[in-house]
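To start, the structure itself, in structure tokens.
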Amino acid sequence: MSTGRIFGAVAAIAGEIRAGFTDRRQAEGANPTGDEQLAADVRADRLLAEELLAIESVAGYASEEREDVLDGGAGEYHVACDPLDGSSNLASNNPAGTIVGVYDRRPPAPGESLVAAGYVLYGPVTTMVVAEEGEEVTEYLIEDGERTVLKEDVRLPAEPTVYGIGGRAPDWPDSVAAYVERLEEKRLKLRYGGAMVADVNQVLAHGGVFGYPMLEGRPEGKLRAVFEALPMAYILEAAGGASSSGTESLLAAAPERLHERTPVFLGNADLIEALEATVEGR
Ligand code: P6P
């Protein structure tokens, strides 16, 4: 059974998730990692859980919005979602997304156990980018629950032009501050919008680097390994790019806790190599 059925199901409900934004931008509480949880987060999570657990090959559904994994059938795929990444952007009518990781074992699971990953971007139009084991990366337009191929064999442009590094500059360690200076010297343009999916999609389209780094007093950074960092690293590496926790590929990571956080850097391989050299003081 291929993982295509999983991404077809996500495409089928993407419009319904997006339709729920209009009157669900109010806070409803907090998620397991303490982030503010909007009504739109809760609805997206519920729609994804229902749709994905109905697939025979899906053994379980894990989500940034839920404490524990929801068990499904006796399938081979374990799905982990950030149902509405960047939901805090809804208040200012800025883009958000859905991240989907497909692991071959129950999460928390190592990056090497990913067999597919994809994201939906709720931008001016709704698009989906999918990387499946052994396949090229494909970008789709989503309309009325159907996918239309926009671009096959999506690959990072060779010449990087944009960068976005999250967190507050005064909280960056000196190595990250020095790295940002080098990016500016390379005349990369700052593109940071506060939603990982949208910011990484800019890197995939224009070449460059996205990061949410280790911070003073918060060495693990902000982004969740299982739901955000590892699936997005899988996609960027499949598109000819690279990823790093600051010291090694994020696909070499082996999270021990479901909601564990990790520093994240994703983008052109030469920029990721420069990041690791700067962090290691080389
Ligand atoms: P900050 C959204 O809340 C998110 O999890 C990612 O999508 C995004 O990259 C990051 O946090 C933004 O964090 O601190 O810039 O608001």
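Just so you know, all these numbers are worked out from the coordinates, no wet-lab data involved. Please read these numbers as outputs of a predicted model, since none were measured by experiment. Because the Cβ atoms are built from the backbone with ideal geometry, glycine has one as well, and the counts that use them run over all protein chains shown.
For the range 238-278 versus the range 152-231, the inter-centroid distance based on Cα atoms is 11 Å. Rounded to whole numbers, the Karplus 3J(HN,Hα) couplings from phi for the range 26-37 are 8, 5, 10, x, 9, 8, x, 9, x, 6, 4, 10 Hz, using 6.51 cos²θ - 1.76 cosθ + 1.60 with θ = phi - 60°, and x at Gly and Pro. Put +1 on the Cβ of each Lys and Arg and -1 on the Cβ of each Asp and Glu in the chain; which of 201, 53, 93 then has its Cα farthest toward the positive end of the dipole? Going by the charge dipole, the pick is 93.
Of the peptides 26-32, 45-51, how do they stack up when ordered by the mean number of other Cβ atoms within 10 Å, highest first? List each step's numbers first, then the result.
Working: 26-32: 13.7, 45-51: 18.9.
The peptides rank, most packed first, as 45-51, 26-32.
Scoring 234-241, 191-198 by mean Cβ neighbours within 10 Å over their residues and listing the highest first yields 234-241, 191-198. Counting only lysines at least 8 places from residue 222 when in the same chain, those with an alpha carbon closer than 27 Å to its own are 186, 189.
Would you work out the relative contact order for the chain, in percent, from Cα pairs under 8 angstrom that are 6 or more residues apart?
The normalised contact order for the chain reaches 16 percent.
For the pair residue 71 and residue 35, label points projected 7 Å from Cα toward Cβ lie 2.8 nm apart. For the range 4-151, the dipole from Cβ point charges (+1 on Lys and Arg, -1 on Asp and Glu) about the Cα centre works out to 280 debye, to the nearest 20.
Rounded to the nearest 5, what % of the DSSP beta bridges within the range 162-279 are antiparallel ones? Mind dumping the intermediate values first?
Working: 9 of 15 bridges.
Antiparallel bridges: around 60 percent, rounded to the nearest 5.
A full extension of the chain between residue 247 and residue 159 corresponds to an added length of 29.4 nm, given 0.36 nm per residue minus the alpha carbon distance.
Suppose only helical runs count, i.e. DSSP H with n ≥ 4. What mean residue ellipticity at 222 nm does that imply for the chain under -39500 (n - 2.57) per run, divided by all residues and rounded to the nearest 500 deg cm²/dmol? Provide the component values of the computation, followed by the final result.
On the way: 6 runs with 74 residues, N = 282.
About -8000 deg cm²/dmol.
Projected label points at residue 189 and residue 280, each 7 Å from Cα along the beta carbon direction, are separated by 3.3 nanometres.
Within a straight-line Cα-Cα reach of under 18 Å, residue 151 can be paired with the following aspartates and glutamates, leaving aside sequence neighbours fewer than 8 residues apart in one chain: 132, 133, 135, 136, 139, 143, 237. When the Cα atoms of the chain are aligned to their principal axes, the ranges along those axes come out at 50, 40, 37 Å in descending order.
When DSSP beta bridges are restricted to pairs lying wholly in the chain, around 80% turn out antiparallel.
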